[in-house]
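**Q** This is the structure I have questions about; it appears just below.
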Amino acid sequence: MTFRTLGLSDPILQALEDKGYSTPTDIQRKAIPAILEGRDLIATAQTGTGKTAAFVLPMLEALRGERKRRAKRFRALILVPTRELAIQVQDNIQLYSKHLSVVSMTMVGGVDLEPQKQQLIDGVDIVVATPGRLLDLAHQRALYFDELEILVLDEADRMLDMGFIDDLDKIIARLPSQRQSLLFSATLSSQVKSLAKSVVDNPLEISIASNQKTTPKISQWLIAVDKHNKSALLSHLVKERDWNQALIFIRTQHGAAKLVSQLEKRGIKAEAIHGGKSQASRSKILADFKSGDLNILIATGVAARGIDINELERVVNYDMPDDADEYIHRIGRTGRAGSAGEAVSLVSKDDFKRLCAVERRLGKIIDRVIIDEFPVVKDLPASNLNFSVKIAKKNKPVKKPGQPSKSAQPATKKPEAKTPWGSIKK
Ligand code: AMP
């Protein structure tokens, strides 16, 4: 199947050819014809599946005809959770619309309002916005929704995680009821479903299974490590394995800043992006990372949300995420659109419950790798796909006949002995 058979016209096909895309991805094959027919859509798809093009391409097709623009009005609205993702989506729109006269803009916080107001007055077709800034400008009567035809909620689950539900409700209440609505989400939680009820009408539901062809190309492994050794281990990996590119996820802004200086002391240049940094400095750091001038980028989960780098070599979970879905989002940054990548997790004993939740979500145990230079003192217990946090908290584990009790195991036991699936050295 080609992009032409999906119903896209020449200027868009030309842009895709310029970019070197010859074959639509799964989600593009399923979503584009339905969107072109005018249907509403709920699509479950992770980053890396080509989901952005899946809604941008048919949107451009719908908007490509010449039409006079009215000040402060626009025909399509794409709501995204973060500034970075807004910029990323806007880059995609500009790329795909290069042979069209469609005008698009980003509307995000952290930057001056005035240029955004002026752009709205000059006339735009597509607005890519974070909910807060959009509402701000709506309250100031800098924009009106009466000409809106297409609404996209991108990474809806993440917008809900970030507490945008009230803003989303307020925005949706202001939109014309005659519109096409498309909702994209990595997961379909009950909150997402309930949001969808107020947004889409008789939608086509598409689910791109997590075993789609990009997933197996991500090699996932972990290293059990004592918490205080994590930064030394990370430095060791960067140096010994000649890591040219690593996106490192860490829980807190403070932790990110600390890690930058710990790596620097060991001669490794790294930068951190997090919500506490200005948009200008985040953009600069991201551009350096994308161009290869910066090899190691440390990010808190939220800040990293919109990062899209083709063929990102690896992501590192310096901390295991609290939410198993977040792990899926993170590893979706690598091995994108068919290229190989690796996801490495540094797991200390206090990360164990989070590790079990991730492995249960994946339905498999992640390979453990032993680094001889970093023997573990606080053992990471063997993984257990049936692990349930509630049961483990309430009841002591029942000792099966013939099975040694946990407390009987020496604390400094060799790591090989505690991995029933065998240890792997890479
Ligand atoms: P997304 O899931 O939208 O973040 O896209 C993941 C990556 O795949 C982006 O870098 C896109 O530019 C790229 N991409 C999207 N569609 C295709 C395609 N049909 N062929 C190859 N790469 C693609």
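The values are calculated or read from the model by the stated rules, or taken from the named source; none is laboratory data. Fair warning: this is a prediction, and the values are worked out from it, not measured in the lab. Cβ: placed from backbone, ideal geometry, glycine included. Neighbour counts: every protein chain shown. Accessible surface is based on the protein model in full, side chains and every heavy atom, while ligands, DNA and RNA are left aside. Shrake-Rupley method; radii C 1.70, N 1.55, O 1.52, S 1.80 Å.
**Q** Jot down the radius of gyration and Dmax of the stretch 4-208, Cα atoms only, both in angstrom.
**A** For the stretch 4-208, the Cα radius of gyration and maximum Cα-Cα distance read 15.8, 44 Å.
**Q** If packing is taken as the average count of other Cβ atoms within 10 Å, what order do 354-365, 273-284 fall into, highest mean first? The partial results should precede the final answer.
**A** Working: 354-365: 18.8, 273-284: 15.7.
The packing order, highest mean first, is 354-365, 273-284.
**Q** If you roll a 1.4 Å probe over the stretch 156-235 with all protein chains in place, what percent of the accessible area is carbon or sulfur? Don't jump to the answer; show the numbers that get you there.
**A** Values: 1780 of 3800 Å².
Carbon and sulfur atoms account for 47 percent of the accessible area of the stretch 156-235.
**Q** Report the full-extension gain for the segment LEU95 to LYS364: residue separation times 0.36 nm, less the Cα-Cα distance, to one decimal in nm. Don't skip to the end; give the middle numbers.
**A** Working: separation 269, 0.36 × 269 = 96.84 nm, distance 3.82 nm.
Residue separation times 0.36 nm, minus the Cα-Cα distance, leaves 93.0 nm.
**Q** Here's a follow-up. Report the semi-axes of the equivalent ellipsoid for the stretch 86-243 in whole Å, largest first, where each axis is √(5λ) for an eigenvalue λ of the Cα gyration tensor. All intermediate terms of the calculation are to be shown ahead of the outcome.
**A** Working: eigenvalues 259, 95, 63 Å².
Rounded to whole Å, the semi-axes are 36, 22, 18.
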